[in-house]
Amino acid sequence: MMSDIPDWLKTDYDMEDEKAAAAAQEGGTSPHTVSTSQDDLENAAGGTTADGEENSSRKYGGFCKALLREWKVVLLALVILIGMNIPVVRWAFYPFVIFATWIHEMCHGFAGLFAGYDLQKLEVFVDTSGLATLGIDDDERWAFVASAGYQGTPVVGFLLLIFRRTKRGPRLGLWILGLLMLVSVALWIRNLFGIISVLIIGFFLLLCGWKLPSAWMRALYTVVAVTTSMNAIASVRALYGPTQTINGEDAISDAHAMAEMINGTSSWMWA
(Lines give C-alpha, C1' and ligand atoms only; values in the text may rest on other atoms or scores of the structure.)
Protein backbone atom coordinates (compact mmCIF):
# COMPACT_ATOMS: atom_id res chain seq x y z
CA MET A 1 0.00 0.00 0.00
CA MET A 2 1.10 3.60 -0.56
CA SER A 3 1.21 4.29 3.20
CA ASP A 4 3.90 1.60 3.55
CA ILE A 5 6.35 3.62 1.42
CA PRO A 6 8.66 5.92 3.43
CA ASP A 7 7.91 9.58 2.76
CA TRP A 8 11.38 10.29 1.37
CA LEU A 9 10.94 7.52 -1.25
CA LYS A 10 7.54 8.70 -2.45
CA THR A 11 7.58 10.27 -5.91
CA ASP A 12 5.51 13.16 -7.20
CA TYR A 13 3.25 10.58 -8.81
CA ASP A 14 2.72 8.84 -5.46
CA MET A 15 1.75 12.17 -3.93
CA GLU A 16 -0.75 12.79 -6.74
CA ASP A 17 -2.30 9.35 -6.21
CA GLU A 18 -2.63 9.99 -2.48
CA LYS A 19 -4.34 13.33 -3.15
CA ALA A 20 -6.72 11.68 -5.62
CA ALA A 21 -7.53 8.94 -3.10
CA ALA A 22 -8.17 11.50 -0.36
CA ALA A 23 -10.42 13.57 -2.64
CA ALA A 24 -12.39 10.47 -3.63
CA GLN A 25 -12.88 9.47 0.00
CA GLU A 26 -14.10 12.96 0.89
CA GLY A 27 -16.63 12.64 -1.90
CA GLY A 28 -17.93 9.37 -0.49
CA THR A 29 -16.38 7.11 -3.14
CA SER A 30 -13.30 4.94 -3.35
CA PRO A 31 -10.84 5.35 -6.22
CA HIS A 32 -10.44 1.57 -6.29
CA THR A 33 -14.15 0.69 -6.26
CA VAL A 34 -15.66 -0.72 -9.43
CA SER A 35 -19.42 -1.21 -9.78
CA THR A 36 -20.82 -3.97 -11.96
CA SER A 37 -24.36 -3.91 -13.33
CA GLN A 38 -26.43 -6.84 -14.55
CA ASP A 39 -25.96 -5.61 -18.13
CA ASP A 40 -22.19 -5.73 -17.64
CA LEU A 41 -22.43 -9.35 -16.50
CA GLU A 42 -24.61 -10.32 -19.43
CA ASN A 43 -22.18 -8.74 -21.91
CA ALA A 44 -19.03 -10.11 -20.26
CA ALA A 45 -18.98 -13.37 -22.23
CA GLY A 46 -18.84 -11.62 -25.58
CA GLY A 47 -16.61 -8.77 -24.49
CA THR A 48 -13.21 -10.48 -24.46
CA THR A 49 -11.99 -8.80 -27.65
CA ALA A 50 -13.35 -5.44 -26.61
CA ASP A 51 -11.73 -5.78 -23.19
CA GLY A 52 -8.39 -6.62 -24.81
CA GLU A 53 -8.60 -3.58 -27.04
CA GLU A 54 -9.58 -1.43 -24.07
CA ASN A 55 -6.64 -2.70 -22.02
CA SER A 56 -4.26 -2.01 -24.91
CA SER A 57 -5.72 1.45 -25.26
CA ARG A 58 -5.26 2.07 -21.55
CA LYS A 59 -1.64 0.91 -21.66
CA TYR A 60 -0.93 3.15 -24.65
CA GLY A 61 -2.67 6.03 -22.93
CA GLY A 62 -0.62 5.43 -19.79
CA PHE A 63 2.60 5.46 -21.83
CA CYS A 64 1.62 8.73 -23.53
CA LYS A 65 0.68 10.25 -20.18
CA ALA A 66 4.03 9.26 -18.68
CA LEU A 67 5.84 10.66 -21.72
CA LEU A 68 3.99 13.96 -21.38
CA ARG A 69 4.84 14.07 -17.69
CA GLU A 70 8.54 13.66 -18.51
CA TRP A 71 8.68 15.81 -21.65
CA LYS A 72 11.29 18.08 -20.10
CA VAL A 73 13.63 15.15 -19.48
CA VAL A 74 13.09 13.86 -23.04
CA LEU A 75 13.78 17.34 -24.46
CA LEU A 76 16.87 17.71 -22.28
CA ALA A 77 18.17 14.33 -23.48
CA LEU A 78 17.75 15.39 -27.12
CA VAL A 79 19.52 18.71 -26.52
CA ILE A 80 22.42 16.94 -24.82
CA LEU A 81 22.64 14.27 -27.53
CA ILE A 82 22.81 16.87 -30.31
CA GLY A 83 24.87 19.48 -28.46
CA MET A 84 27.52 17.07 -27.20
CA ASN A 85 28.34 16.03 -30.77
CA ILE A 86 28.84 19.62 -31.97
CA PRO A 87 32.38 20.65 -30.94
CA VAL A 88 31.58 24.31 -30.19
CA VAL A 89 28.32 23.62 -28.35
CA ARG A 90 29.88 20.75 -26.40
CA TRP A 91 31.86 23.19 -24.25
CA ALA A 92 28.62 24.63 -22.85
CA PHE A 93 28.21 21.32 -21.01
CA TYR A 94 31.85 21.24 -19.91
CA PRO A 95 31.39 20.78 -16.11
CA PHE A 96 28.80 18.05 -16.68
CA VAL A 97 31.07 16.29 -19.19
CA ILE A 98 33.92 16.35 -16.66
CA PHE A 99 31.56 14.84 -14.10
CA ALA A 100 30.49 12.12 -16.55
CA THR A 101 34.16 11.39 -17.34
CA TRP A 102 34.82 10.98 -13.61
CA ILE A 103 31.88 8.55 -13.34
CA HIS A 104 33.17 6.67 -16.39
CA GLU A 105 36.67 6.23 -14.96
CA MET A 106 35.30 5.37 -11.52
CA CYS A 107 33.28 2.57 -13.14
CA HIS A 108 36.50 1.22 -14.70
CA GLY A 109 38.22 1.53 -11.35
CA PHE A 110 35.51 -0.16 -9.28
CA ALA A 111 35.21 -2.92 -11.88
CA GLY A 112 38.95 -3.47 -11.56
CA LEU A 113 38.75 -3.63 -7.77
CA PHE A 114 35.82 -6.06 -8.04
CA ALA A 115 37.85 -8.23 -10.42
CA GLY A 116 40.72 -8.32 -7.95
CA TYR A 117 43.05 -5.81 -9.59
CA ASP A 118 44.93 -2.96 -7.95
CA LEU A 119 43.52 0.48 -8.76
CA GLN A 120 46.67 2.58 -8.97
CA LYS A 121 45.29 5.93 -10.11
CA LEU A 122 42.54 7.79 -11.95
CA GLU A 123 43.13 10.79 -14.20
CA VAL A 124 40.71 13.35 -15.67
CA PHE A 125 42.11 15.64 -18.36
CA VAL A 126 41.23 19.10 -19.62
CA ASP A 127 40.04 17.74 -22.99
CA THR A 128 37.31 15.81 -21.04
CA SER A 129 39.09 12.48 -21.53
CA GLY A 130 40.09 10.24 -18.67
CA LEU A 131 42.25 7.27 -17.79
CA ALA A 132 42.09 4.54 -15.15
CA THR A 133 45.40 2.80 -14.41
CA LEU A 134 45.22 -0.65 -12.87
CA GLY A 135 47.88 -3.21 -12.04
CA ILE A 136 46.57 -6.02 -14.22
CA ASP A 137 47.51 -8.91 -16.43
CA ASP A 138 45.96 -9.48 -19.84
CA ASP A 139 43.42 -12.12 -18.89
CA GLU A 140 39.69 -12.64 -19.32
CA ARG A 141 38.88 -10.30 -16.43
CA TRP A 142 40.25 -7.34 -18.36
CA ALA A 143 37.33 -7.53 -20.79
CA PHE A 144 34.98 -6.96 -17.85
CA VAL A 145 37.00 -3.93 -16.75
CA ALA A 146 37.25 -2.47 -20.27
CA SER A 147 33.49 -2.67 -20.80
CA ALA A 148 32.60 -1.20 -17.39
CA GLY A 149 33.00 2.45 -18.38
CA TYR A 150 30.25 2.73 -20.99
CA GLN A 151 28.09 0.14 -19.22
CA GLY A 152 28.46 1.61 -15.77
CA THR A 153 27.67 5.25 -16.54
CA PRO A 154 24.14 4.63 -17.89
CA VAL A 155 23.44 2.38 -14.88
CA VAL A 156 24.49 5.17 -12.52
CA GLY A 157 22.44 7.68 -14.52
CA PHE A 158 19.44 5.35 -14.42
CA LEU A 159 19.70 5.03 -10.64
CA LEU A 160 19.92 8.81 -10.33
CA LEU A 161 16.83 9.25 -12.51
CA ILE A 162 14.86 6.73 -10.43
CA PHE A 163 15.18 8.97 -7.38
CA ARG A 164 14.67 12.22 -9.29
CA ARG A 165 11.06 12.65 -8.24
CA THR A 166 11.39 11.39 -4.67
CA LYS A 167 11.10 13.81 -1.79
CA ARG A 168 14.71 13.74 -0.59
CA GLY A 169 16.40 11.73 -3.35
CA PRO A 170 17.88 14.64 -5.37
CA ARG A 171 19.29 16.48 -2.36
CA LEU A 172 20.68 13.30 -0.82
CA GLY A 173 22.01 12.25 -4.24
CA LEU A 174 23.98 15.49 -4.66
CA TRP A 175 25.50 15.07 -1.20
CA ILE A 176 26.53 11.47 -1.87
CA LEU A 177 28.02 12.31 -5.28
CA GLY A 178 29.91 15.28 -3.84
CA LEU A 179 31.36 13.19 -1.02
CA LEU A 180 32.37 10.41 -3.42
CA MET A 181 34.21 12.92 -5.58
CA LEU A 182 36.15 14.23 -2.60
CA VAL A 183 36.99 10.69 -1.45
CA SER A 184 38.18 9.77 -4.95
CA VAL A 185 40.56 12.74 -4.94
CA ALA A 186 42.04 11.58 -1.65
CA LEU A 187 42.44 7.96 -2.75
CA TRP A 188 42.96 7.72 -6.50
CA ILE A 189 43.06 10.89 -8.61
CA ARG A 190 46.67 11.83 -9.24
CA ASN A 191 46.87 14.47 -12.00
CA LEU A 192 46.67 18.19 -11.20
CA PHE A 193 43.72 19.08 -13.43
CA GLY A 194 41.78 16.05 -12.20
CA ILE A 195 42.37 16.96 -8.56
CA ILE A 196 41.31 20.59 -9.04
CA SER A 197 38.28 19.95 -11.26
CA VAL A 198 36.91 17.03 -9.23
CA LEU A 199 37.40 18.94 -5.97
CA ILE A 200 35.57 21.99 -7.35
CA ILE A 201 32.67 19.96 -8.73
CA GLY A 202 32.48 17.86 -5.55
CA PHE A 203 32.28 20.91 -3.27
CA PHE A 204 29.85 22.54 -5.71
CA LEU A 205 27.47 19.56 -5.56
CA LEU A 206 27.66 19.49 -1.76
CA LEU A 207 26.95 23.22 -1.59
CA CYS A 208 24.05 22.99 -4.05
CA GLY A 209 22.55 20.06 -2.17
CA TRP A 210 22.75 22.09 1.02
CA LYS A 211 21.77 25.60 -0.05
CA LEU A 212 19.86 25.58 -3.35
CA PRO A 213 16.05 25.94 -3.30
CA SER A 214 14.25 22.71 -4.12
CA ALA A 215 13.30 23.61 -7.70
CA TRP A 216 16.82 24.68 -8.71
CA MET A 217 18.42 21.77 -6.89
CA ARG A 218 16.15 19.27 -8.67
CA ALA A 219 16.90 20.90 -12.04
CA LEU A 220 20.65 20.56 -11.45
CA TYR A 221 20.23 16.96 -10.30
CA THR A 222 18.23 16.15 -13.46
CA VAL A 223 20.90 17.58 -15.78
CA VAL A 224 23.58 15.58 -13.94
CA ALA A 225 21.51 12.40 -14.17
CA VAL A 226 20.67 12.78 -17.88
CA THR A 227 24.25 13.72 -18.84
CA THR A 228 25.55 10.68 -16.98
CA SER A 229 22.96 8.39 -18.56
CA MET A 230 23.98 9.49 -22.05
CA ASN A 231 27.75 9.42 -21.52
CA ALA A 232 28.28 6.80 -24.23
CA ILE A 233 25.91 7.92 -26.98
CA ALA A 234 26.66 11.59 -26.37
CA SER A 235 30.16 10.94 -27.75
CA VAL A 236 29.24 9.08 -30.90
CA ARG A 237 32.41 10.01 -32.80
CA ALA A 238 34.67 8.75 -30.01
CA LEU A 239 32.62 5.59 -29.68
CA TYR A 240 32.61 4.59 -33.36
CA GLY A 241 35.72 6.34 -34.60
CA PRO A 242 38.98 4.44 -35.22
CA THR A 243 40.73 6.26 -32.36
CA GLN A 244 40.05 8.67 -29.55
CA THR A 245 42.20 11.33 -27.94
CA ILE A 246 43.32 11.00 -24.33
CA ASN A 247 45.18 14.05 -23.02
CA GLY A 248 46.14 15.04 -26.56
CA GLU A 249 47.43 11.64 -27.60
CA ASP A 250 45.73 9.09 -29.85
CA ALA A 251 44.49 5.97 -28.09
CA ILE A 252 42.07 3.16 -28.80
CA SER A 253 38.55 3.39 -27.43
CA ASP A 254 36.99 0.93 -24.97
CA ALA A 255 35.08 -0.64 -27.87
CA HIS A 256 38.30 -1.23 -29.86
CA ALA A 257 39.99 -2.63 -26.75
CA MET A 258 37.15 -5.14 -26.38
CA ALA A 259 37.43 -6.13 -30.06
CA GLU A 260 41.19 -6.71 -29.70
CA MET A 261 40.72 -8.88 -26.61
CA ILE A 262 37.95 -10.99 -28.12
CA ASN A 263 39.13 -12.14 -31.52
CA GLY A 264 36.67 -12.22 -34.38
CA THR A 265 34.52 -9.40 -33.05
CA SER A 266 34.07 -5.87 -34.33
CA SER A 267 34.45 -2.65 -32.33
CA TRP A 268 31.04 -1.60 -33.71
CA MET A 269 29.47 -4.55 -31.92
CA TRP A 270 30.95 -3.51 -28.57
CA ALA A 271 30.12 0.16 -29.17
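Leaving ligands, DNA and RNA out of it, report the carbon-plus-sulfur percent of the accessible area of the stretch 111-209 at a 1.4 Å probe.
Of all accessible area on the stretch 111-209, carbon and sulfur atoms account for 71 percent.
Quick one: which residues, 5+ away or cross-chain, put their amide H under 5 Å from the amide H of Ile189? H built at 1.01 Å from N.
Answer set, sorted by chain and number: Leu122.
Arrange the residues Asp127, Asp118 by how much accessible surface each exposes, largest first, with a 1.4 angstrom probe.
Final ranking, largest accessible area leading: Asp118, Asp127.
Order Val156, Val226, Val74 by their accessible area, 1.4 angstrom probe, all chains in place, largest first. All intermediate terms of the calculation are to be shown ahead of the outcome.
On the way: Val156 40, Val226 5, Val74 65 Å².
Per-residue accessible area, sorted high to low, gives Val74, Val156, Val226.
For Glu140, what accessible surface area do you get with a 1.4 Å probe? Give it in Å², rounded to 10.
Surface accessible to solvent at Glu140 totals approximately 150 Å².
As a test of reading the structure, rank Ile189, Ile196 by solvent-accessible area (1.4 Å probe, protein chains only), most first. Before the final figure, lay out each step's value.
Values: Ile189 0, Ile196 85 Å².
Of Ile189, Ile196, the descending order of accessible area is Ile196, Ile189.
The values are calculated or read from the model by the stated rules, or taken from the named source; none is laboratory data. Just so you know, these numbers come straight off a predicted model, no measurement behind them. Surface areas here come from the heavy atoms of the whole protein model, side chains and all, with no ligands, DNA or RNA. Shrake-Rupley method; radii C 1.70, N 1.55, O 1.52, S 1.80 Å.
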